[in-house]
Each structure stands twice: as C-alpha cells, then as structure tokens.
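Notes for the one structure printed next.
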Amino acid sequence: MIAGRAQGALPTSATPRRRKVETLRLDDDPLWYKDALIYELHVRAFQDSDGDGSGDFRGLLEKLPYLQDLGVNAIWLLPFYPSPGRDDGYDIADYTDVNPMYGTLTDAHAFVKEAHQRGMRVINELVCNHTSDQHPWFQRARRARPGSAARDFYVWSETNQKYQDARIIFKDFETSNWTWDHVAGAYFWHRFYSHQPDLNFENPKVKEAVLKALDFWLGMGIDGVRLDAIPYLFEREGTNGGLISSSRRCAATSIRTTPTACSSPRPTSGRRMRSPTSAMATNATCRSTSR
C-alpha cells in the first residue's frame, strides 16, 4: 500500500525541484568556431545576482539554462578584467583576474565549468595591443631607467614627431598618438586613448608576458580568445600603423605557439568594430598542436 495525501487536503509546501542538467560532451573539432552559434554579452549588463545594480558571473551562471534553450553553443564575453572603466573594460589593469564588480576567479571558473556541462564553449577577450595606464607594468615602466627591459614594455620617445603617417583613430578625443608623461620625462605611444599606452612588441618580454596571460585563461578552461587590435602591435616609419607585416607575423607566431586557430570574428557592440582583423585563438588546437 502506498500512503498518499488524503483527498481534499491542502498541499504541503515543498522546495521546487531544479531541472536536471543534461551533461553534454564537447567535441574535439579544432574548427568548432566556424559554424558555432555565438552569443556575445557583457557580464556587467546581463544578470545581477546580488542586487547591487551590476551583472556578475553568478548571475550569468543562473541564466545558462536560458542561453542553452536558445540553442547557443558558444558564449563570447567582453572584457571582465580589473579596469578603471574608462573604455568599457578595454583598459585592462590586470590580465589574470576578474573585476571585483563581477565576482571572483572562482565564480568565473564555476561559470566556465557549468557552461561546458551544458554543451557551450566560452570565448573571452585579450586586449594585447595596450593596457590601462594604471596597469602595474606601466607604473613600473614610467619609473624605470630608460633602455631597461621594464621601461621598454611600452613605446617611448623624446619627441612626438615619430610615426606621423599613423592616423589618429579617435580624433574627437585625441590630438596626437603621443602623450607626455611627467613621471617618465618622455612621450609614450598610444593608438587609442591617452590613458591606454601601447605595449612594445619589439621587446621579447612583452610577448612572453602576453602569452602567459593567454595560457592562464586557456588553463582556466576558456575555449577561445579574441585578440583585440592585432593590426597595431608594431610601429614603423612610413606606414599608417595598421596591418603591417610585423603585426601579422607576431599574431601568427602567438597562435602557433600557444593557441593555434585563427579567424576574424567581428564584435557587434559599438565601436569595437574597429578591429575587423582581430585574431581568434582556440584552446582545442592549442592542446593538439603545442605538444
């Protein structure tokens, strides 16, 4: 005999059952992004889990069933790193952490893990052309001895007349690609805003540091990385400062040595269309070809 609720009795309160998550296996296709249904989003604007007025990784994790129901199989996250926030997060102050506004590294890792269980890959952004002027690298460089490896993390000059053929991208805000730094006693180069000094990719230490950041996120389970502003990695006299062969070779080398697949995914949010030739690095090919 099976005991049950008497007819007509009021139902007792019970905790609603959570829908069982069907664990899906991600395939090993290194070209998965070629036909992926990619959903681009900003963590800050998507779902607020704690009522502080800002979206966060816990809120995003709560909404994964919704994204799964849409048929999404890849989630593209706009920059979520620590940042002064003067360029919507593209002014990065730390490549290997999460902006406290959005949660913690633990929260980000839990999100990636849950997305994978639901059959969705995760893509993040790596802004490798420049940093925030608040990044420790720049704060160290401006105080370092001229000619030292620390100083040469960025592009410096005693004059603002070099590379005059390179166009000014944001003419509404900037009058030059050079800005005087009173601490360094020199000009630093920036293709975008004057609070975003360009990294010096002629310095092998810079390439090494950027690849370490790339390795960090691939190690966290990220499946792909959009490399921002790739055409502007190098400066050459007599060029417009974009799409020159050195930038192409550097991106290709980076993709061969750490990630390995390259495409040209175009951002759809606002002026991020500025880099139609940005590179896409994927984790699957990194693991299959870097051994």
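The values are calculated or read from the model by the stated rules, or taken from the named source; none is laboratory data. Owing to the predicted nature of the structure, the values given are computational and were not obtained by experimental measurement. Cβ atoms come from the backbone with ideal geometry, glycine included; neighbour counts cover every protein chain shown.
Quick rundown of the values:
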| item | result |
| --- | --- |
| Lone qualifier among Val122, Val98 - being assigned to a loop (DSSP other than H, G, I, E, B) and closer than 23 Å to Ala209 by Cα | Val98 |
| Complete set of residues in region 214-228 that are under 15 Å from Tyr81 (Cα atoms) and part of a loop (DSSP other than H, G, I, E, B) | Met220, Ile222 |
| Scan of region 232-261 for residues that are at pLDDT 60 or above and within 20 Å of Tyr95 (Cα to Cα), ordered by number | Tyr232, Leu233, Cys250 |
| Some residue of region 180-191 being within 30 Å of Trp32 (Cβ to Cβ), modelled with pLDDT of 95 or more and buried (at least 22 other Cβ atoms within 10 Å of the Cβ) | no |
| Val206 being in contact with an Asp or Glu (Cβ under 9 Å, 6 or more places away or on another chain), at pLDDT 95 or above and either within 26 Å of Ala108 (Cβ to Cβ) or among the basic types (Lys, Arg) (or both) | yes |
| Condition met for Gly71 (without any contact (Cβ under 8 Å) to a residue 40 or more places away in the chain, assigned to a loop (DSSP other than H, G, I, E, B) and either in contact with a His (Cβ under 6 Å, 6 or more places away or on another chain) or within 30 Å of Pro30 (Cβ to Cβ) (or both)) | yes |
| Lys113 being of a type in the set (Lys, Arg), within 19 Å of the chain's Cα centre (by Cα) and farther than 23 Å from Glu235 by Cα | yes |
| Selection count, region 56-78, where residues are under 17 Å from the mean Cα position of the chain (by Cα) and not acidic (Asp, Glu) | 7 |
| Checklist (1) in contact (Cβ under 8 Å) with a residue 60 or more places away in the chain; (2) in contact with a Leu (Cβ under 9 Å, 6 or more places away or on another chain); (3) within 30 Å of Phe57 (Cβ to Cβ) applied to Val155, failing item | (3) |
| Only one of Tyr193, Tyr163, Tyr187 that is farther than 22 Å from Gly85 by Cα and in a loop (DSSP other than H, G, I, E, B) | Tyr163 |
| Condition met for Ala141 (within 20 Å of the chain's Cα centre (by Cα) and either crowded, with 18+ Cβ neighbours inside 10 Å or assigned by TED's automatic domain parsing to the domain that holds Pro231 (or both)) | no |
